Amino acid sequence: MKIHVLQVKLYTTFFFKVALANKLNFLYTLLIPAVLLSLQLYSQPGNEEGVSHAIIYSWLAYMVINHALTHTFAVSILREQGYLKQYHTVVTSVYIFLISEALVGLFKLLASTLMLLILVSFLTPLSITR
């Protein structure tokens, strides 16, 4: 069990460094939803509380679904290209590779959600926790 945790930690740091090295993709997943949400909130004529909540919740749902689909397709593409078999020879289980990739995706999702909530707290006088 200890070797599995060590391998997950090792591959998570590796995939996190790869995600940070690809700055354009990292900025896309963090900044694009925030910029588009701010533009959408400013373009609403009345900017009523119900409309603002609906916009914010729809963007949060979009981000969750987008991240889930992106990481699911990334794993399926790696499987089709034969990389999962190659990683299986390096790690004790393919699930270590999948868990590490999912943890990096979860971190990116949490970072973009936090960024979006901070932006919303500055743009609107609304409380999202209601």
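The values are calculated or read from the model by the stated rules, or taken from the named source; none is laboratory data. None of the values given here were measured: they were computed from a predicted structure. Heads up, the Cβs are rebuilt from the backbone with ideal geometry, glycines too, and the neighbour counts pull from every protein chain shown. All accessible areas refer to the heavy atoms of the entire protein, side chains included, with ligands and DNA or RNA removed. Shrake-Rupley method; radii C 1.70, N 1.55, O 1.52, S 1.80 Å.
How about the range 1-25: which of its residues are open to solvent by 80 Å² or more (accessible area, probe 1.4 Å) and among the β-branched types (Val, Ile, Thr)?
Correct list: Ile3, Val5.
Could you run through the range 86-105 and say how many residues are in contact (Cβ under 8 Å) with a residue 24 or more places away in the chain and closer than 15 Å to Ala74 by Cβ? Working first, answer last.
The first filter runs over the range 86-105 and keeps only residues in contact (Cβ under 8 Å) with a residue 24 or more places away in the chain, leaving 91-93, 96-97, 99-105.
Subset that is closer than 15 Å to Ala74 by Cβ: 97, 99-105.
Number of matching residues: 8.
For Ala54, are the conditions met, namely being open to solvent by 40 Å² or more (accessible area, probe 1.4 Å), at pLDDT 80 or above, assigned to a helix (DSSP H, G or I) and more than 16 Å from Ser100 (Cβ to Cβ)? Before you say what the answer is, go through the steps one by one.
On the way: open to solvent by 40 Å² or more (accessible area, probe 1.4 Å): yes; at pLDDT 80 or above: no; assigned to a helix (DSSP H, G or I): yes; more than 16 Å from Ser100 (Cβ to Cβ): yes.
No: the conditions fail for Ala54.
Pairs, please: C-beta under 6 Å, at least 6 apart or cross-chain, first residue closer than 20 Å to Phe97 by Cβ and of a type in the set (Ser, Thr, Tyr) and in the range 6-33, second open to solvent by 70 Å² or more (accessible area, probe 1.4 Å) and assigned to a helix (DSSP H, G or I)?
Correct list of pairs: Thr12/Leu103.
Determine, yes or no, whether Tyr87 is under 30 Å from Ile3 (Cβ atoms), open to solvent by 40 Å² or more (accessible area, probe 1.4 Å), modelled with pLDDT under 75 and assigned to a helix (DSSP H, G or I). Explain how you work it out, then say what you get.
Numbers: under 30 Å from Ile3 (Cβ atoms): yes; open to solvent by 40 Å² or more (accessible area, probe 1.4 Å): yes; modelled with pLDDT under 75: yes; assigned to a helix (DSSP H, G or I): yes.
Here the answer is yes, as Tyr87 does meet what is asked.
Which residues, counting only those in the range 15-25, are closer than 17 Å to Leu106 by Cβ and at pLDDT below 85? So that I can check it myself, show each step before the final result.
First pass over the range 15-25, keeping only residues closer than 17 Å to Leu106 by Cβ: 15-20, 25.
Phe15, Val18, Ala19, Leu20, Asn25 - these are the residues of the range 15-25 that are closer than 17 Å to Leu106 by Cβ and at pLDDT below 85.
Report, by residue number, each residue of the range 26-50 that is open to solvent by 50 Å² or more (accessible area, probe 1.4 Å), in a helix (DSSP H, G or I) and at pLDDT below 75. Working first, answer last.
Filtering the range 26-50 down to residues open to solvent by 50 Å² or more (accessible area, probe 1.4 Å) leaves 27-28, 31-32, 35-36, 39-40, 42-50.
Subset that is in a helix (DSSP H, G or I): 27-28, 31-32, 35-36, 39-40, 42-43, 49-50.
Those that are open to solvent by 50 Å² or more (accessible area, probe 1.4 Å), in a helix (DSSP H, G or I) and at pLDDT below 75: Tyr42, Ser43, Glu49, Gly50.
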